[in-house]
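> Please read through the structure below; I'll follow up with questions.
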Amino acid sequence: MYIISATANGSGGYPPLQEWHSQTCPTGYYFYPNEYFGVFYPQGKRVAGFVKYEADEDTKTVTSVTWNDEAYDAYVATLPDPVLAARENKIAEMSKACNQTIEAGVDCEIGGSVKHYSLTSNDQANISNMFNAILLGADGYPYHADGEQCSEMPKADIIKLYTTAQAFITSQVTYNNMLKGMINEIPTEEEVNNIHYGDELNETWKAKYDAEMAKAEAQMKKILANLQKQSATDSTGTEA
């Protein structure tokens, strides 16, 4: 057995039902039979408790219950759009997942073996600093893969690690950005909530992703070509 308040809230709905095991009904409440539980908590409604009921004053027991569409609709109209709220929450969730994926790092084949490199903010800064040192003429720089001791990494390996890391970071950031755009077009709350990081982009957003990645790859090739040109100039003393 449950009990229901004798007074509705200002919204027109009633506070949650309370389980009650005493034979005496408390002041300000009525006994609420189990058979009406589903009316108070209907499926497919955003909130519960918007009911109209009749009660026997002698027994303090509810005798009939109907759903109050008018009060429910008026209250729901004041709530934020559930789809917009779901999109906002999902986009924040995907952004967090993107950062976690990037920071977890990337594999890179160095010296004939595959090594793993974490990509926290500090790691990204260290790798970028090494690459900048190469651009300024360094032939190597001390660094280490996860779980290894620090030792000088040759120029070619630094370039490979930098390009691998940047490609990975760019792919994740671009994917997350396109995923955000796709989420903002999803029409229902259920569909939004079913999105997970790593899900395939739809045709439209996949095409945009591919186009942006192609641009990023072209820019990286340009940087490497300039670096190769610089190296040839440094080694011969004249521009190749």
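The values are calculated or read from the model by the stated rules, or taken from the named source; none is laboratory data. Values in this document were obtained by computation on a predicted structure and should not be read as measured data. We place every Cβ from the backbone using ideal geometry, glycine too, and count neighbours over all the protein chains shown. Only protein heavy atoms, including side chains, enter the accessible area calculation; ligands, DNA and RNA are left aside. Shrake-Rupley method; radii C 1.70, N 1.55, O 1.52, S 1.80 Å.
> Which of the residues belonging to segment 125-179 are hydrophobic (A, V, I, L, M, F, W, C), out of contact with any helix residue (DSSP H, G or I) (no Cβ under 6 Å at 6 or more places or on another chain) and free of Cβ contacts under 8 Å to residues at least 40 places away in the same chain?
Result: A125, A133, L136, A138, A145, C150, A156.
> Out of all the residues in segment 23-66, which are more than 15 Å from A6 (Cβ to Cβ), among the small types (G, A, S) and surrounded by 15 or more Cβ atoms within 10 Å (Cβ to Cβ)?
Of everything in segment 23-66, just one residue is more than 15 Å from A6 (Cβ to Cβ), among the small types (G, A, S) and surrounded by 15 or more Cβ atoms within 10 Å (Cβ to Cβ), namely A48.
> For residues that are surrounded by 13 or more Cβ atoms within 10 Å (Cβ to Cβ), among the hydrophobic types (A, V, I, L, M, F, W, C) and either touching a Lys or Arg at 6+ places or on another chain (Cβ under 8 Å) or not in a helix (DSSP H, G or I) (or both), tally how many sit in segment 74-105.
Matching residues across segment 74-105 total 3.
> Among the polar types (S, T, N, Q) and modelled with pLDDT under 95: is that true of Q18 in this structure?
Here the answer is no, as Q18 does not meet what is asked.
> Could you list, in sequence order, all residues of segment 1-22 that are in a loop (DSSP other than H, G, I, E, B), surrounded by 13 or more Cβ atoms within 10 Å (Cβ to Cβ) and not aromatic (F, W, Y)?
Scanning segment 1-22 gives M1, A6, A8, N9, S11, G12, G13, L17.
> For segment 140-240, list the helices (runs of 4 or more DSSP H) that sit wholly inside it and hold at least 3 residues that are hydroxyl-bearing (S, T, Y) and open to solvent by less than 80 Å² (accessible area, probe 1.4 Å); which are they?
155-183, 203-236
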